[in-house]
Amino acid sequence: MVGSLQDYVTRQAERRPQATALVDGEVRETYEVLEARASRLARLLRERVGRGDRIGLLLPKSPAAIAGMLASLKAGAVYVPLDPESPAARLEKILRAAECRILLASPPAVPLLRQLLPRLDQALRPDLLWMDEAPTDAGDLEATFREADAAALSSEPLPGGGGGDDPAHLLFTSGSTGTPKGVIVAHRNVIGFTRWANAYFGVTENDRVSCHSPLAFDLSTWDLFGGFAAGAEVHLVPPQLNLFPGRLVDFIRAHRLTQWFSVPSLLAYLARFDAVQPGDFPELKRIIWCGEVFATPALRYWMERVPHASFTNLYGPTETTIASSYFAVEAPPLDPSAAVPIGRACDGETLHILGPDLESLPPGEVGEIGIGGAGVTLGYWRDPDRTGAAFVSLPSQPD
């Protein structure tokens, strides 16, 4: 039984070393190469961080970013994905809150770093590590070390690292006008969802799954670790394709994807531009969405054009790890105004409709949704008041 997220890749590298783990444009990286890269980098990081220290990832979605995630976990640290498209003011708040010891970055981040780092007091300024190649225009951006410094280190699997109840990553949500909230996600939270989802959807080593969401958004967590758990190929979707419906559907066709997972607004956008052809994507087996309401007319559009795929709505906030409930849409809804239900709880999760005193309400009553079980995360980072208000113990609930 896998007890830590990094073990998924280690296991695949041992069993199927030459199988493709990541596809990024023309680059195909095998499980063996990804495991070796992460292990070398982890040894470099372990010389500088302790268990539970935070490592920031200011990297575009790329093999370098995925290696940084795995290396952080192998070193026993907690990774903090930072969206390079975010403004410096938001990233400053996240770095202040997380107190990252090390910041992994790549050359495209140079202009952002020039805005970001001067905002931080010297005591809060993380050591900088250049992934891939060191930039030629870094100027006064002093890097403590580079990924190339790990080249001579062993690529053998690194024992230890985090797992189980240990935090795996901090995901900072909202905060566009206020203070971002850091949700503490444990290894066991992601492993629990991955175990259920891979079994329910039948993900196998023959799958080619999308990784569409930004790495700072929790949908990408299952894209990556669900794919790695199954030994599938994970295809990194370039974010710039979101602006070009024709190019995005061409990506799905060219990569012969078997699984697509995204927010429904992206699917609705493709429907609005009529980008999908009848019978399109013949190898696409499942279309899954989460995070928003999927308008029924757009859902009908997809189901009529890709009738061979299954369609599933997932629901759940970041605080309960990716999703907590699911609903399989068996046929195109007849009523264009009908809402798609959130369905039933995933295995290991519980859903209750609660009244003002946190008591379970009978069917037909209106209340708040209470979620319990394996997906409930460890709370908000260094915010006991907010954690206490949202992460509560319920009175005994009837079965």
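The values are calculated or read from the model by the stated rules, or taken from the named source; none is laboratory data. Being a predicted model, the structure only gives us computed values, none of them experimental. Every residue, glycine as well, gets a Cβ built from its backbone with ideal geometry; the counts of neighbours run over all protein chains shown. Side chains included, ligands, DNA and RNA excluded: accessible areas come from the protein's heavy atoms. Shrake-Rupley method; radii C 1.70, N 1.55, O 1.52, S 1.80 Å.
In table form, for the structure just shown:
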item: Residue within the range 66-74 that is open to solvent by 10 Å² or more (accessible area, probe 1.4 Å) and either more than 19 Å from VAL190 (Cα to Cα) or among the polar types (S, T, N, Q) (or both) present; result: no
item: The range 86-106: number of residues that are touching a residue at least 60 places away in the same chain (Cβ under 8 Å) and closer than 18 Å to TRP130 by Cα; result: 0
item: Strands (runs of 3 or more DSSP E) enclosed by the range 309-383 - at least 2 residues per element that are under 18 Å from ALA199 (Cα atoms); result: 310-315, 325-329
item: Residue in the range 279-298 that is least open to solvent (accessible area, probe 1.4 Å), counting only those that are modelled with pLDDT of 95 or more and at positive phi; result: PHE281
item: Members of the range 311-353 found to be small (Gly, Ala, Ser) and either touching a residue at least 60 places away in the same chain (Cβ under 8 Å) or within 30 Å of GLY182 (Cβ to Cβ) (or both), listed by number; result: GLY316, ALA323, SER324, SER325, GLY343, ALA345, GLY348
item: Residues located in the range 116-142, provided they are assigned to a loop (DSSP other than H, G, I, E, B), open to solvent by 40 Å² or more (accessible area, probe 1.4 Å) and farther than 18 Å from PRO63 by Cα; result: ASP121, ARG125, THR136, ASP137, GLY139, ASP140, GLU142
item: Candidates LEU45, LEU91, filtered to the one that is within 24 Å of ASP127 (Cα to Cα), open to solvent by less than 10 Å² (accessible area, probe 1.4 Å) and over 21 Å from the mean Cα position of the chain (by Cα); result: LEU45
item: Among the candidates LEU113, LEU103, residue that is open to solvent by less than 10 Å² (accessible area, probe 1.4 Å), more than 19 Å from VAL185 (Cα to Cα) and not in a helix (DSSP H, G or I); result: LEU103
item: Any pair with Cβ under 7 angstrom, 6 or more apart, that starts in the range 14-35 at a residue that is under 19 Å from LEU73 (Cβ atoms) and ends at one that is at pLDDT 95 or above and open to solvent by 50 Å² or more (accessible area, probe 1.4 Å); result: TYR31/ARG16; GLU32/GLN18
item: Residues of the range 196-216 classified as out of contact with any strand residue (DSSP E or B) (no Cβ under 9 Å at 6 or more places or on another chain) and crowded, with 18+ Cβ neighbours inside 10 Å, total; result: 1
item: Contacts under 6 angstrom Cβ, first residue in the range 181-209 being touching a residue at least 60 places away in the same chain (Cβ under 8 Å), partner of a type in the set (Phe, Trp, Tyr) and open to solvent by 10 Å² or more (accessible area, probe 1.4 Å), 6 or more apart; result: LYS181/TYR380; GLY182/PHE172; GLY182/TRP381; ILE184/TRP381
item: Count - residues of the range 306-319 that are closer than 16 Å to LEU257 by Cα and either open to solvent by 60 Å² or more (accessible area, probe 1.4 Å) or of a type outside the set (A, V, I, L, M, F, W, C) (or both); result: 3
item: Test: residue in the range 9-32 that is open to solvent by less than 20 Å² (accessible area, probe 1.4 Å), of a type in the set (Asp, Glu) and assigned to a helix (DSSP H, G or I); result: no
item: Among the residues listed as ILE322, ILE353, the single one being open to solvent by 30 Å² or more (accessible area, probe 1.4 Å) and either more than 21 Å from GLN277 (Cα to Cα) or among the aliphatic types (A, V, I, L, M) (or both); result: ILE353
item: Residue within the range 254-264 that is out of contact with any strand residue (DSSP E or B) (no Cβ under 6 Å at 6 or more places or on another chain) and aromatic (Phe, Trp, Tyr) present; result: no
item: Among the candidates ALA271, ALA230, ALA275, ALA254, residue that is open to solvent by 40 Å² or more (accessible area, probe 1.4 Å), aliphatic (A, V, I, L, M) and either touching a residue at least 24 places away in the same chain (Cβ under 8 Å) or on the phi < 0 side of the Ramachandran plot (or both); result: ALA254
item: Qualifying residue in the range 144-165 (condition: under 29 Å from GLY388 (Cβ atoms), of a type in the set (Asp, Glu), open to solvent by less than 60 Å² (accessible area, probe 1.4 Å) and in contact with a strand residue (DSSP E or B) (Cβ under 7 Å, 6 or more places away or on another chain)); result: no
item: Elements of type helices (runs of 4 or more DSSP H) in the range 203-296, at least 3 residues being touching a Leu at 6+ places or on another chain (Cβ under 6 Å); result: 245-254
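For (1) within 13 Å of GLU233 (Cα to Cα); (2) aliphatic (A, V, I, L, M), each residue gets a yes or a no:
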position: GLY3; (1), (2): no, no
position: ARG11; (1), (2): no, no
position: ARG15; (1), (2): no, no
position: THR20; (1), (2): yes, no
position: VAL23; (1), (2): yes, yes
position: THR30; (1), (2): yes, no
position: GLU47; (1), (2): no, no
position: ARG51; (1), (2): no, no
